[in-house]
Each structure stands twice: as C-alpha cells, then as structure tokens.
Amino acid sequence: VDARVETTIDPSERLPTVALPVVERGTELEIKSCSVVVTSDQSRGRFYLRETQHEYLLEVGGSYLFAVTPPHDSTPLALKIVPATIVDDVISGWIDPDGREDYAQVSWGRVFDSEELERGDSS
C-alpha cells in the first residue's frame with residue numbers, strides 16, 4: 001500500500017469520504033490518481049487497480065484515496081477516500097494482461113460526480 005493513516009481523518013469538503021464517519025489511525029490506503037481527460041476527444045480518465053492489492057485492502061479493511069487532476073498537472077481537482085469494500089462494487093471485472101498482474105479500470109465518473117470536480121476547479 002502507499003500510505004497508512006497516522007492521525008484520524010475527519011471528512012471535509014476538501015477531502016470527503018464515502019460511508020466513513022472518520023478514517024481511523026492505522027488504516028491502510030492505496031493512492032490512485034488519473035487525469036480528468038485522457039484523449040483529444042475528452043474521454044474520462046481511469047484509475048488502474050491491481051487485483052492483489054485490492055484483495056489485500058479488502059482483507060485489512062483498507063481504503064483508496066482517489067485523486068483526479070487536470071491534464072498535465074498534478075494538482076488535484078478532487079480527492080475522496082473510499083473503502084475497498086465499496087470500490088469492490090464498482091469493479092466490473094478483472095483484465096488478464098497475459099503475463100502481468102490482473103487489473104481493473106474504473107472511470108473517475110464511478111467514484112466522483114462531475115460537480116465535485118467543478119468545485120475543486122474553482123477553489
């Protein structure tokens with residue numbers, strides 16, 4: 001995993017959570033980011049989740065920290081912490097890339113509403 005929560009996190013407008021009143025100290029987080037658009041036709045970016053990582057997060061009660069950024073910029077438009085158990089519901093299936101680890105692609109639209117990105121853009 002990418003991080004472990006050191007201090008309890010209370011949800012806020014800047015860092016909302018899904019189905020978590022707080023993110024407890026010790027929670028393991030996998031950080032995933034994607035660009036708001038990835039092609040010239042403005043297709044939505046996708047998060048790439050690895051199956052073994054996801055299974056581990058499910059086992060330990062971990063969460064994902066998702067970030068959506070503007071193209072060619074690492075400053076987040078929106079952030080959200082989502083438990084792996086909820087992310088499990090938006091994974092439509094695992095892709096077997098022939099010799100590498102299985103993964104899933106999740107569009108940012110399955111995690112964020114468009115309005116959440118617009119709020120981030122105006123701050």
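Filtered by the rule that a residue be modelled with pLDDT of 95 or more and buried (at least 20 other Cβ atoms within 10 Å of the Cβ), region 35-66 gives PHE47, LEU49, HIS54, LEU57, GLY62, SER63, TYR64, LEU65, PHE66. The condition of being open to solvent by less than 40 Å² (accessible area, probe 1.4 Å), among the acidic types (Asp, Glu), within 18 Å of PRO16 (Cβ to Cβ) and in contact with a helix residue (DSSP H, G or I) (Cβ under 8 Å, 6 or more places away or on another chain) holds for only one of GLU30, GLU116, that being GLU30.
Can you confirm whether region 8-24 contains a residue that is outside any strand (DSSP E or B), small (Gly, Ala, Ser), loosely packed, with under 13 Cβ neighbours inside 10 Å and at positive phi? Steps first, answer last, please.
Of the residues in region 8-24, the ones outside any strand (DSSP E or B) are 8, 10-16, 18-22, 24.
Then keep just the ones that are small (Gly, Ala, Ser); that gives 12, 19.
After this cut, where a residue has to be loosely packed, with under 13 Cβ neighbours inside 10 Å as well, the list is 12, 19.
Checking the rest, the ones that are also at positive phi come to 19.
Checking region 8-24: at least one residue is outside any strand (DSSP E or B), small (Gly, Ala, Ser), loosely packed, with under 13 Cβ neighbours inside 10 Å and at positive phi.
The set of residues in region 25-35 that are assigned to a loop (DSSP other than H, G, I, E, B) and farther than 18 Å from ASP88 by Cα comprises ARG25, GLY26. All conditions but one from (1) free of Cβ contacts under 8 Å to residues at least 60 places away in the same chain; (2) within 22 Å of GLU116 (Cβ to Cβ); (3) surrounded by fewer than 15 Cβ atoms within 10 Å (Cβ to Cβ) apply to GLY93; the one that does not is (2).
The values are calculated or read from the model by the stated rules, or taken from the named source; none is laboratory data. Treat the numbers as computed from the prediction; the structure is a model and nothing was measured. Cβ coordinates were reconstructed from backbone atoms using ideal geometry, including for glycine residues, and neighbour counts include every protein chain displayed. Just so you know, the surface numbers come from the protein's heavy atoms only, side chains and all, with ligands and any DNA or RNA stripped out. Shrake-Rupley method; radii C 1.70, N 1.55, O 1.52, S 1.80 Å.
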